[in-house]
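Participant: Shown below is the structure under consideration.
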Amino acid sequence: MSVRHFLTLLDLSQEELKFLIERATELKSMQHRGEIYRPFVGRTLAMIFEKSSTRTRVSFETGMGQFGGQALFLSPNDTQLGRGEPIEDSARVISSMTDIVMIRTFAHQKVETFAKYSNVPVINALTDDYHPCQLLADMQTFFEHRGDIQGKTVVWIGDGNNMCNSYIIAAHQFGFNLVVCAPDGYKPDSRLTEQYSHCVTLIDNPKQAVKDAHLIVTDVWVSMGQEQEQKQREKDFADFQVTPQLLDLANKDVLFMHCLPAHRGEEISHDLLDDPRAVVWDEAENRLHAQKALMEFLLKDKIKS
């Protein structure tokens, strides 16, 4: 059987994605009840980090441990990847010794190349283009609080970055309507918005964009590697801060999400995360459960019943 990878949300069918969300919620309940479930005894996850992280490392490493397996943290300083070894060679070697690999890096092409030469499943744990694991957690969080997201309206406010790109694909895969509200010069890739124009709309004014929204999402104004643009971005995004007052203009059952870390006083007001409509802490925890469901799915042929 061919190896399945998870580089974008398009690597799984709509039915498979829905199954993962339901399974993630089930695994969460099992873990909260203290049930021991260890299908990965003897299995190893290789975690390749070229970008630093809190939630990604903790969730994958903890999840693998809860499943009875082990996780290896590999940074560029610890491997030959940081000394110029071709990705193809590293992929062949690492995948010959481990059972599954997750990669958090800059160029999306690196993940694609690694997956091409890997003998085991490869998970995109974030690239400059996409962040599909976060979307699994976000969809699980919405499902737990409000039920099926199909047919609902989601509003993305801020930078048209990797998270925005993944929300565009999610709109298609999960069947919701996405409104993207980004300043000029920061809109998402036009090829994506054109390809998914059946479920994506661009609106420039945040107050107009959030009308009837069931979910509002944002991200930092300055992502890793863009620190030199801090001052300019603060000016360009000044009118795109998400506040409780902005949420008041949306649907009465609106939720707010942020993939974190959040910069209070920039993309969100200082008080937003204390608002009961903000579910960011559930969203963060669900990285653990959604990724456990994902790894279980990708390695299901290796799990002994």
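Every number here is computed from the coordinates shown, using simple stated rules; none is lab data. What you are looking at is a predicted structure, and each value in this text was computed from that prediction instead of being measured. Positions of Cβ are backbone-derived with ideal geometry, glycine not excepted, and every protein chain shown enters the neighbour counts.
Participant: Distance in nm between label sites at residue 252 and residue 264, each 7 Å beyond Cα in the beta-carbon direction?
Facilitator: Here the modelled spin labels are 3.0 nm apart.
Participant: About the Cα centre of the chain, how large is the charge dipole given +1 on each Lys and Arg Cβ and -1 on each Asp and Glu Cβ? Please answer in debye to the nearest 20.
Facilitator: Values: 32 positive and 43 negative charges, 181 e Å.
That gives the chain a dipole magnitude of about 860 debye.
Participant: Checking the a/c ratio against 1.5 first, then a/b against b/c, what shape does the Cα gyration tensor give for the range 112-213?
Facilitator: Because a/c hits 1.5 or more and a/b fails to exceed b/c, the range 112-213 counts as oblate.
Participant: Quick check for the range 132-284: number of Lys pairs with alpha-carbon distance under 19 Å, counting only pairs 8 or more apart or on different chains?
Facilitator: Taking the range 132-284 as the scope, the lysine pair count is 9.
Participant: Please label the shape of the range 43-171 as rounded, prolate or oblate, based on the square roots a ≥ b ≥ c of the eigenvalues of the alpha-carbon gyration tensor (a/c under 1.5 means rounded; beyond that, a/b larger than b/c means prolate, else oblate). Show your work: numbers first, answer last.
Facilitator: On the way: a/c = 2.29, a/b = 1.62, b/c = 1.41.
It is prolate, given that a/c is not under 1.5 and a/b is the larger ratio.
Participant: Comparing 98, 127, 113, which has the greatest mean-square fluctuation in the GNM of the chain with Cα pairs linked when under 10 Å apart?
Facilitator: The residue with the greatest mean-square fluctuation here is 113.
Participant: Based solely on its DSSP helices, what 222 nm [θ] is calculated for the chain when runs of n ≥ 4 H residues each add -39,500 (n - 2.57) and the sum is averaged over all residues, nearest 500 deg cm²/dmol?
Facilitator: -12000 deg cm²/dmol
Participant: Quick one: putting +1 on the C-beta of Lys and Arg, -1 on the C-beta of Asp and Glu, what dipole do you get for the range 132-284 around its Cα centre, in Debye to the nearest 20?
Facilitator: With Lys and Arg at +1 and Asp and Glu at -1, about 300 debye.
Participant: Between residue 274 and residue 16, what is the label-to-label distance in nm when each label sits 7 Å out along the Cα-to-Cβ direction?
Facilitator: Between residue 274 and residue 16, the simple spin-label model gives 4.4 nm.
Participant: Now, a different point. Return the tail of the calculated pair distribution for the chain, meaning the percent of Cα-Cα pairs more than 31 Å apart. Spell out each step's value before the answer.
Facilitator: Details: 13165 of 46360 pairs.
Percentage above 31 Å: 28.
Participant: Rank by packing, highest mean first: peptides 156-165, 169-178, 12-21, with packing defined as the count of other Cβ atoms within 10 Å averaged across residues. Walk me through the numbers on the way to the answer.
Facilitator: Details: 156-165: 24.6, 169-178: 21.7, 12-21: 16.4.
In decreasing order of mean packing, 156-165, 169-178, 12-21 become 156-165, 169-178, 12-21.
Participant: What full-extension length gain, to one decimal in nm, is calculated for residue 37 and residue 51 as 0.36 nm per residue of separation minus the Cα-Cα distance? Spell out each step's value before the answer.
Facilitator: Numbers: separation 14, 0.36 × 14 = 5.04 nm, distance 3.05 nm.
So the chain would gain 2.0 nm between residue 37 and residue 51.
Participant: Under a cut-off of 19 Å between alpha-carbon atoms, report the lysines in cross-link reach of residue 51, not counting same-chain residues fewer than 8 places apart.
Facilitator: Result set, ordered by chain and number: 110.
Participant: Next up: How far, in degrees from 0 to 90, does helix 162-174 lean away from the longest principal axis of the Cα atoms of the chain, to the nearest 10?
Facilitator: 90 degrees
Participant: Can you tell me how the range 132-284 classifies by the Cα gyration tensor, rounded, prolate or oblate, using a/c under 1.5 as the rounded cut?
Facilitator: rounded
Participant: Next question, about the same structure. Simple spin-label model, 7 Å along Cα-to-Cβ: residue 96 to residue 223 in nm?
Facilitator: 3.4 nm
Participant: From the residues 245, 197, 232, which one has its Cα farthest along the dipole of the range 132-284 in the positive direction, the dipole being from +1 and -1 charges on Cβ of Lys/Arg and Asp/Glu about the Cα centre?
Facilitator: Going by the charge dipole, the pick is 197.
Participant: So if I take the centroid of the Cα atoms in the range 181-226 and the same for the range 39-101, what is the distance between those two points in Å?
Facilitator: When both Cα centres are located, 32 Å separates them.
Participant: Between 55, 83, 38, find the one with the highest GNM mean-square fluctuation for the chain; connect C-alpha pairs within less than 10 Å.
Facilitator: Of 55, 83, 38, the most mobile in the Gaussian network model is 83.
Participant: With a cut-off of 8 Å between alpha carbons and a minimum separation of six or more residues, what is the relative contact order of the chain in percent?
Facilitator: Across the chain, relative contact order equals 20 percent.
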